[in-house]
């Protein structure tokens, strides 16, 4: 491989400083997240610990290796749409969720230290549908 400077590359190729974001609606972003989780439903995901007890600034910066949010950040489509990192605060901003909604998806008080991706996907889908009973029923049927 031949090393070339940025000036040399500009002479032979059109280089865009940043790629434009894909335009996705909130519902599309959330549905994509659920689909990603459903691709490997038995995947063991890390839960966030006590998000409701964290100071808002600490909660925003919280992240979990192997969490449901990390699954979203692994996706090139969501990153191209504007997902900047795998923190709680970024997921809240990008998916346009409130603390209660995100807490219901990622916090350990619902499942313990780990959860299956299937469980997380059902919680993510509940945000779209708004009916937690149907999300719970879907989860039970899928087991």
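Listing for the model above:
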{"item": "Residue list for segment 97-116, restricted to those being touching a strand residue (DSSP E or B) at 6+ places or on another chain (Cβ under 6 Å) and buried (at least 18 other Cβ atoms within 10 Å of the Cβ)", "result": "106, 107, 115"}
{"item": "Where residue 73 falls short, out of the listed (1) surrounded by 14 or more Cβ atoms within 10 Å (Cβ to Cβ); (2) touching a strand residue (DSSP E or B) at 6+ places or on another chain (Cβ under 7 Å)", "result": "(2)"}
{"item": "Members of segment 69-120 that are under 13 Å from the mean Cα position of the chain (by Cα) and in a loop (DSSP other than H, G, I, E, B)", "result": "75, 81, 82, 83, 84, 85, 86, 95, 96, 97"}
{"item": "Count of segment 58-70 residues which are buried (at least 19 other Cβ atoms within 10 Å of the Cβ) and within 19 Å of residue 29 (Cα to Cα)", "result": "3"}
{"item": "Single residue of segment 84-96 satisfying the filter (in contact (Cβ under 8 Å) with a residue 40 or more places away in the chain and farther than 11 Å from residue 62 by Cβ) that is surrounded by the most Cβ atoms within 10 Å (Cβ to Cβ)", "result": "94"}
{"item": "Residues within segment 59-68 that are outside any helix (DSSP H, G or I), under 18 Å from residue 119 (Cβ atoms) and modelled with pLDDT of 95 or more, tallied", "result": "2"}
{"item": "Evaluation of residue 52 against (1) under 19 Å from residue 128 (Cα atoms); (2) not in a loop (DSSP other than H, G, I, E, B) (one fails), failing number", "result": "(1)"}
{"item": "Residues being farther than 10 Å from residue 72 by Cα and surrounded by 16 or more Cβ atoms within 10 Å (Cβ to Cβ) - total across segment 32-42", "result": "1"}
{"item": "Those residues of segment 1-27 which are surrounded by 11 or more Cβ atoms within 10 Å (Cβ to Cβ), under 18 Å from residue 84 (Cβ atoms) and at pLDDT 65 or above, in sequence order", "result": "22, 24, 26"}
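The values are calculated or read from the model by the stated rules, or taken from the named source; none is laboratory data. Values in this document were obtained by computation on a predicted structure and should not be read as measured data. With ideal geometry, Cβ positions are generated from the backbone for all residues, glycine too; neighbour counts draw on all protein chains shown.
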